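Readers should treat all values here as calculations from the given coordinates under stated rules, not as data from a laboratory. Note that the coordinates shown come from a computational prediction; the quantities given were computed from them, not determined experimentally. Quick reminder, even Gly has a Cβ in these numbers, built from the backbone with ideal geometry, and neighbours come from all protein chains shown.
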């Protein structure tokens, strides 16, 4: 049972003060900490668990610059066997189809039974790459997957739908699944773990090798173009409550009640 | 007739005895081989140099039972009776063998002395055993378990001693020597045998019974808790030897997690349960106790490294045997707060917290059994260099409008470097500690500076949970900064940073070539405050009429023996009435935040450790609970709120208390 997982390095933004460049085209990344995209982390963990249960080879692949090697190392430490880096900075401005095309060129010749991606990336938030990739590959797919059960040549997967409902469906293999957070609890990756895999060689490739022309990469190869990035304006509605502790509590409770929370 | 004893009196086929003795010794040696073959799988963490301190500890602890008497005179007396009884009888056997095989000297008055001494030690052994049975089965001392082994070991010892006296009694009844009264115990027994003829006929049988029991005991030693007779002296000797650091780089994936020293410690454990009594986690009703961990770790090691393991049926049998009695799962090691209370009371110095750290290191490396919140904290620790998810900018924000010189803005450090620490820099409550300390230093005109935004984590958090790769990285970052800014004098907010600098860094420094080693002095702020009070730089004139109590942080007190400095500062303030809690100084109770528990989810417990502690503080009648650690401060402050003591008890850091005593807020106009 061979598995391929697409991963991506994204900036950690939970506690960061984001700044956008003057042109409004991108977020300034110098001061940001980079990490594996959260959804992809769950996807790698799920793949490692399937591999541990059913055997086979697990390959992780990423599209990005040299620094993206870190997410590949993390994935290797989690239990992946091989890693491929599509070292190409030109994809920065690609849309979802452009990114999917890049990955497609690299994975189309691999033999696999299952390809996993995260549902979406925390930076661009397309939530489409995995699905477009499946179309390119001509494979069946399911999105928002929160459970996978492997049977002979087929899988039962659970999809997360709205209002706590789930859809259970049967899907033949090979297939593409986009993994939702919460499907498992990803293991901790220690420095010791990363050191252990430092000798595994990462296979590097680029657009030239993959036969991608300039027209297919970046803005030129995209049908959707980003016009401008901006930070959300500081909203109104913040109110500082004053008075004694009891009064403040009473006012807070009233607001909560008025807003229909309880 | 000269007093002496005929060996093998009335005994035929003495060769059978020698054959059985050889067999018993063979089994004993095999048992020893099993233990040693486990030990040699351990990481070699230290050389074993000759040490007078080790030798003297061997006598004080091993022979005179210093640690066993500590805190439990009854147990100490009971054990010394058994120990000296056992040792005396052992020496007696050695002497009679020398007398029989090498040269005959046990005759006349020497024999009388010999015999009388043996009577005394034999009786000591029996009294000690009866006492131990009473403690375990009648008095039912809570910390004692009642396993099969606990019974068989003492009963066998008792049977050996008793059968010895019976055999002696019969011999005296038949021989009736005039010196019999000196062998007083045997003499009393002999009075029971009024018919010498009948007694003589059963004598050989009873002699063989005694012989078999004694040889059985010898063979049994390595397979039961009596093995502590051999392992405990080694662990006592090794206790004070400095540990060698094993950098992550030098470890191989197949290495055992424990060092051989950890393994010897584990083998020395007799399950006496003193650790269970003092463990704050056990005390809070959590499903963890140091003893359970030790037994689990020991059984696992045996299952893994038993020399007969390549025989399949044996492996199955031993796995079955140990798995059955397994009351412990690996995840439970996350309960330990590394407070060191167990080690402080352990008669044989079993360093459970070190072994737990090693075991954690394995789980961290595997990654799958780290609790989710701790996983998150460790990720943050790696990404942000602190567990609080705070960016670098935020690290220096605690100082507010206080002007604090930043070393990284200058060429090199002038004077003291105040190492603020992650929690003290980021946590809103703990920041008060830093601001107060800075105010005090300014008031006392002590020149100091901080590393500002550049301050890294000292590595303590990673170290406590066994994320050794991250610890070493953070240690290198710190050392690099100390070198770059020529920092040689450090004072810390947290006892945890203090401990890590003082006790963890040197072993790693020692592995470097001398020119790359960094020398620095590190003090905890309580030590510096006491010095400032002693030198007169801090003078308390305004009386504070207030009752206070002091909570000893584990890493300041038990780990580093700083008990008096904070108390000296508190009592230097006029009007302050110091009340000690039920558990204080080395006996202090953990607040529950240590061992990275503060960065984990709450674990199953009947009651929070911090709440137990705050209740103790309440019981003293104090109005203020003073502590000297940011983690204790946060934990106890929370407990104060959850127990509804907000109106009656304040929790303060020692610095805040000193600022209050000096009225610095008013004097400086700074908050």
(request) Report the full-extension gain for the segment residue B:401 to residue B:519: residue separation times 0.36 nm, less the Cα-Cα distance, to one decimal in nm. (result) 39.2 nm
(message) I'd like the distance separating the alpha-carbon centroids of the range A:53-90 and the range B:100-123, in whole Å.
(response) 78
(message) Quick check: the angle from helix A:69-78's long axis to the longest principal axis of chain A, C-alpha only, nearest 10 degrees?
(response) 80
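Would you work out the relative contact order for chain B, in percent, from Cα pairs under 8 angstrom that are 6 or more residues apart? It would help to have the intermediate numbers written out before the result.
Working: 1002 pairs, mean separation 82.7, N = 671.
It rounds to 12 percent for chain B.
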(request) Could you calculate the FRET efficiency of residue B:323 with residue B:212 from 1/(1 + (r/R0)^6), where r is the beta carbon distance between them and R0 is 35 Å, rounded to 0.05? (result) 0.60
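Counting alpha carbon pairs within less than 8 Å and at least 6 residues apart, what relative contact order, in whole percent, applies to chain A?
Values: 489 pairs, mean separation 60.5, N = 262.
About 23 percent, as a whole number.
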(message) Once you place label points 7 Å from the Cα toward the Cβ at residue A:53 and residue A:81, how far apart are they in nm?
(response) 1.9
(request) Enter the angle in degrees (range 0 to 90, nearest 10) between the Cα long axis of helix B:468-484 and the first principal axis of the Cα atoms of chain B, meaning the one along which they spread out most. (result) 50
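As an exercise, use a Förster radius of 22 Å and the Cβ-Cβ distance of residue B:110 and residue B:181 to find the FRET efficiency, rounded to the nearest 0.05.
Values: r = 17 Å, r/R0 = 0.78.
About 0.80, to the nearest 0.05.
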(request) Quick one: check the C-alpha center-to-center distance for the range A:12-35 versus the range B:124-144, whole angstrom. (result) 70
(request) Would you mind calculating the gained length between residue B:60 and residue B:102 on full extension (0.36 nm times residue separation, minus the Cα-Cα distance), in nm to one decimal? (result) 11.9 nm
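Taking neighbour Cβ counts within 10 Å as the exposure measure, how do B:167, B:546 sort from fewest upward? Write down the numbers at each step before the final one.
Details: B:167 22, B:546 16.
Least to most surrounded, the residues fall as B:546, B:167.
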(request) For each of B:579, A:78, B:542, B:78, count neighbouring Cβ atoms within 10 Å of the residue's Cβ, then give the residues from fewest to most. (result) B:542, B:579, B:78, A:78
(request) Quick one: give the max-minus-min coordinate of the C-alpha atoms of the protein assembly as shown along each principal axis, largest first, in Å. (result) 119, 81, 63
(request) Starting from the Cα of residue B:139, step 7 Å along the direction of its Cβ; do the same at residue B:392; then give the gap between the two resulting points in nm. (result) 6.2
(request) With a/c under 1.5 counting as rounded, go ahead and sort the range B:220-312 into rounded, prolate or oblate using the C-alpha gyration tensor (a ≥ b ≥ c being the square roots of the eigenvalues; past the cut-off, prolate if a/b is larger than b/c, else oblate). (result) rounded
(message) What FRET efficiency comes out for residue B:6 versus residue B:70 if R0 is 35 angstrom and r is the Cβ-Cβ distance? Round to the nearest 0.05.
(response) 0.15
(message) Using Cβ contacts closer than 10 Å as the measure, can you line up B:34, A:191 from fewest to most?
(response) B:34, A:191
(request) Just need the Rg to Rh number for the range B:27-120, please, alpha carbons only, Kirkwood Rh. (result) 1.09
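If I stretch the segment between residue B:30 and residue B:205 completely, what's the gain in nm (0.36 nm per residue apart, minus their alpha carbon distance), one decimal?
Numbers: separation 175, 0.36 × 175 = 63.00 nm, distance 2.89 nm.
Once the chain is fully extended between residue B:30 and residue B:205, it gains 60.1 nm.
If I take every Cα pair under 8 Å that is 6 or more residues apart in the range B:238-366, average their sequence separation and divide by the length, what percent do I get for the relative contact order? Don't skip to the end; give the middle numbers.
Numbers: 106 pairs, mean separation 42.9, N = 129.
After rounding, I find 33 percent.
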(message) Quick check: Cα centre of the range B:456-530 to Cα centre of the range B:379-442, how many Å?
(response) 16
(request) Would you work out if the range B:238-366 is rounded, prolate or oblate? Take a ≥ b ≥ c from the square roots of the eigenvalues of the alpha-carbon gyration tensor; rounded if a/c is under 1.5, else prolate when a/b is larger than b/c, oblate otherwise. (result) oblate
(request) Ignore the peptide's own chain and count Cβ atoms of other chains within 10 Å of each Cβ in B:150-159; give me the average, rounded. (result) 0
(request) Working from Cα positions, state the angle (0 to 90°, nearest 10) between the long axis of helix B:428-443 and the longest principal axis of chain B. (result) 70
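Taking a ≥ b ≥ c as the square roots of the eigenvalues of the Cα gyration tensor of the range A:3-221, is the shape rounded (a/c under 1.5), prolate (a/b larger than b/c) or oblate? Could you put the intermediate results ahead of the total?
Working: a/c = 1.34, a/b = 1.30, b/c = 1.03.
Here the range A:3-221 falls in the rounded category.
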